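The values are calculated or read from the model by the stated rules, or taken from the named source; none is laboratory data. What you see is a predicted model; the values in this text were computed from it and never measured. Please note: Cβ atoms are built from the backbone with ideal geometry, for glycine as well, and neighbour counts cover all protein chains shown.
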Amino acid sequence: MGIVQWLMKKISKAFGRNTSSLFYSLIYREILKEINEITKDEELSLLVMREVGKQAAMESCERHSAIFKFMPGSPDKVVDYFELLWVVVFGKELEELDYEEISEENSIYNSYLLKIKHCPICASYGTSPEDTFNISKLGNKTEGMACGLCGMLQGVANFILKVKKNNYRIKIVEQKCMGKGDNCLQLLCKIYDYNEWKKMTQLKLKDKTLSKVILESDIEEEVIQKNKVDLLDQLQESFSLDKLEELIDEPLENIKKRIADIIRDKLNMEPEHFFDYFRNYEEDMIRIIGFLLIHLLNENGRFIEKLLKNETIAKVAGYFFKQLKEMVLLFVPLDVVKDYHNLLIKFLEGLAPNEMVENIKNYSGRDDINFLFEGAQIALEDLGINFSTLKENIWEELNQERENGLLSPEQSIINKTQENFPKIIQLFQEIAMLINEFLTLPIRVSISEGHYGLKAAINSVISEEEGLVGSIKNRFDNIFNNIQALRE
Amino acid sequence: MNYSRNELLHADAAINQLRNAIYHLARFMAKNNIDDKKERMQRIGKNISKTYIKYWSPTELVDLNNIRDVIATIYKKVLKSSISVELNENEQLIIVNDTNCALCKYEYDDIQIAGCEILLGLISEFINIININSKNKTILLIEPLKIQESKTFGNKYCVQIFKYKIEGGM
């Protein structure tokens, strides 16, 4: 299970309103019995119970819609997150789940068969005189006791698809019921096109008894949701749990996959073909990365561009950039730079032609940094810094300004000070450089320590349970348990 | 091998969605012209108690000395609620103040019944079964009186009131 999914489960459990599971199971039984008291028909009662479960889940989802906007948006991914849905609905960990994919010829999505070894709804059913809902009256083709739970799971799954503006819906049907004597709770998750789904809902509305629980707003709501666009809607396009999960589990491979997809989607070409354009121009490719990074930073409100319109700020930023360019290799240890160079090579392997990867292997990490800064410099020139007018460093710039001023023939204290100003600047420059050089070593040490410390920590993990991740999970377990205890 | 009810006793479940289901059941009842919704809700609670008590009981006898503790224990163990209990001996009332009711959270304009009607049935049946099964000649019996306040009606918390009586004796 991925770390994000695990964390979501913990949060759902900690912030849900808990009761004992036995109370849950019994109140579920009683609701079904009360429905049956009205319908006097066991099979119909199951259909009503399913609708009640669905409506109940949808109501909860509507109240916390923001959370669900970050769930994965395609039906197959939603089914992947079944364990999380189970925790959201039942508040309990799902134990022993078998998962089977069934290919569907007429649909772009396959169906899924989920076999759950333990069903809390059917637990000890039939052992008390109050277990009066007569399962033996149910036909073989009907659902079982967990139909309400299926309705809830289906409600949550379809709510996610609705807020993600997906054109498919999931039907979760109970195929095997332990109360009926089956060896497990078996659920079939079948994916339907939205139009087909709508027709099915309309048919149900025509049913005399079911129409008393199905809300007609079910259908209207779909249309309303499509027009709603807020900040969360925009954010969820980029961040959903499945994407985060993939990035955390295998960051490099997933970034590679995502970039390959973007190249295929937006440029209609294979990644290797795309990178082939840069073969023998690898330096330019790295410069372009630096160039794009600055422009990407500027994209957010064009803040950099607006700032650099002020000539003095542009000059100061220019000097700062030049200083950074010169000093970066003093501060960042070469081994760290080398590691990132190797990361770049790993990133390109499989995406770019082999010859290009070999060419990049001939560069050093130092070269990468220089190319990046060159690209960034071109971007900054575009945005308003005129590097050609800048002096060697900011101190000379200040010196120059003093030299341009006219000197008074009378030597007052002020004039004397002005005369000495270049020397003072020179003194400051030397002290600043000295401090810089003193700082070089500790900064290098701290960067190395951070880099290798993290590397060693990650590499030293023996297993998820024994290592750092396991320990962090335990810590979170304790935190959530305490939150839960406090809430109770 | 499936779970047993005994195992469920030691686990927790989030009631959030099933709590909503109670109100959808109430709507279903209303659409089917069911008038005795309160009695039906209390019946749900009573039936839960009848089964629950086979797996767990807070004590063997409930009297006026321990009734407040027993009720608080049932709320804590079954519903994970911390409540306060007042005893009005003049009117023979037990008043439960539940700030975090397991079955009521949101106000509904279209519902005229509180989910915690179920708890009136549950608590009274729990205590009555304990005392009827005890071999004491004098027993305390309680019955649901009313839901005085509920979050379902827009109140800040739920107040559940029971009436008690002592039966048997000299």
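Among the candidates B:Ser49, B:Ser4, B:Ser81, the residue that is touching a Cys at 6+ places or on another chain (Cβ under 8 Å) and farther than 22 Å from A:Gly53 by Cα is uniquely B:Ser81. Go through region A:297-313 and give me each residue that's under 23 Å from the mean Cα position of the chain (by Cα) and in a helix (DSSP H, G or I). Of everything in region A:297-313, those that are under 23 Å from the mean Cα position of the chain (by Cα) and in a helix (DSSP H, G or I) turn out to be A:Leu297, A:Glu299. With B:Ile83, B:Ile129, B:Ile139 as the choices, which residue is over 27 Å from B:Ala13 (Cβ atoms) and surrounded by fewer than 23 Cβ atoms within 10 Å (Cβ to Cβ)? So the residue among B:Ile83, B:Ile129, B:Ile139 that is over 27 Å from B:Ala13 (Cβ atoms) and surrounded by fewer than 23 Cβ atoms within 10 Å (Cβ to Cβ) is B:Ile139. Within the set B:Ser124, B:Ser134, the sole residue that is at pLDDT below 95, surrounded by 14 or more Cβ atoms within 10 Å (Cβ to Cβ) and not charged (D, E, K, R) turns out to be B:Ser134.
Looking at A:Val52, A:Val87, just one residue is within 11 Å of another protein chain (Cβ to nearest Cβ), under 19 Å from A:Ile172 (Cβ atoms) and in contact with a Ser or Thr (Cβ under 6 Å, 6 or more places away or on another chain), and that residue is A:Val87. Mind checking whether some residue in region B:27-42 is under 17 Å from A:Ala56 (Cα atoms) and more than 8 Å from chain A (Cβ to nearest Cβ)? Yes, region B:27-42 contains a residue that is under 17 Å from A:Ala56 (Cα atoms) and more than 8 Å from chain A (Cβ to nearest Cβ). Comparison of B:Lys54, B:Lys80 shows that the only residue that is more than 30 Å from A:Lys40 (Cα to Cα) and either within 10 Å of chain A (Cβ to nearest Cβ) or without any contact (Cβ under 8 Å) to a residue 12 or more places away in the chain (or both) is B:Lys80. Would you mind finding the one in A:Glu130, A:Glu100, A:Glu143 that is touching a residue at least 60 places away in the same chain (Cβ under 8 Å), away from chain B (no Cβ under 14 Å) and of a type in the set (D, E, K, R)? Among A:Glu130, A:Glu100, A:Glu143, only A:Glu143 is touching a residue at least 60 places away in the same chain (Cβ under 8 Å), away from chain B (no Cβ under 14 Å) and of a type in the set (D, E, K, R).
Of A:Leu161, A:Leu153, all but one fail to be touching a Pro at 6+ places or on another chain (Cβ under 7 Å) and either at the interface with chain B (Cβ under 9 Å from one of its Cβ atoms) or crowded, with 21+ Cβ neighbours inside 10 Å (or both); the exception is A:Leu161.
Residues of region A:36-69 that are farther than 29 Å from A:Asn134 by Cβ and among the hydroxyl-bearing types (Ser, Thr, Tyr): A:Ser60, A:Ser65.
Restricting A:Ile67, A:Ile27, A:Ile38 to residues that are among the β-branched types (Val, Ile, Thr), within 28 Å of A:Ile108 (Cα to Cα), within 13 Å of another protein chain (Cβ to nearest Cβ) and free of Cβ contacts under 8 Å to residues at least 40 places away in the same chain narrows the list to A:Ile67.
When region A:28-48 is filtered for residues that are closer than 25 Å to A:Gln175 by Cβ and of a type in the set (A, V, I, L, M, F, W, C), the ones remaining, listed by number, are A:Ile31, A:Leu32, A:Ile35, A:Leu44, A:Leu46, A:Leu47, A:Val48. Out of the residues in region A:70-83 that are part of a helix (DSSP H, G or I) and surrounded by 22 or more Cβ atoms within 10 Å (Cβ to Cβ), which is farthest from the other protein chains (Cβ to nearest Cβ)? Per the stated criteria, the residue is A:Pro75. Determine whether region B:1-14 contains at least one residue that is closer than 23 Å to B:Thr138 by Cβ, of a type outside the set (Asp, Glu) and out of contact with any strand residue (DSSP E or B) (no Cβ under 6 Å at 6 or more places or on another chain). No; the residues of region B:1-14 include none that is closer than 23 Å to B:Thr138 by Cβ, of a type outside the set (Asp, Glu) and out of contact with any strand residue (DSSP E or B) (no Cβ under 6 Å at 6 or more places or on another chain).
Scan the strands (runs of 3 or more DSSP E) fully inside region B:12-131 and keep the ones with 1 or more residues being more than 16 Å from the chain's Cα centre (by Cα). Counting at least 1 such residues, we get B:12-14, B:83-88.
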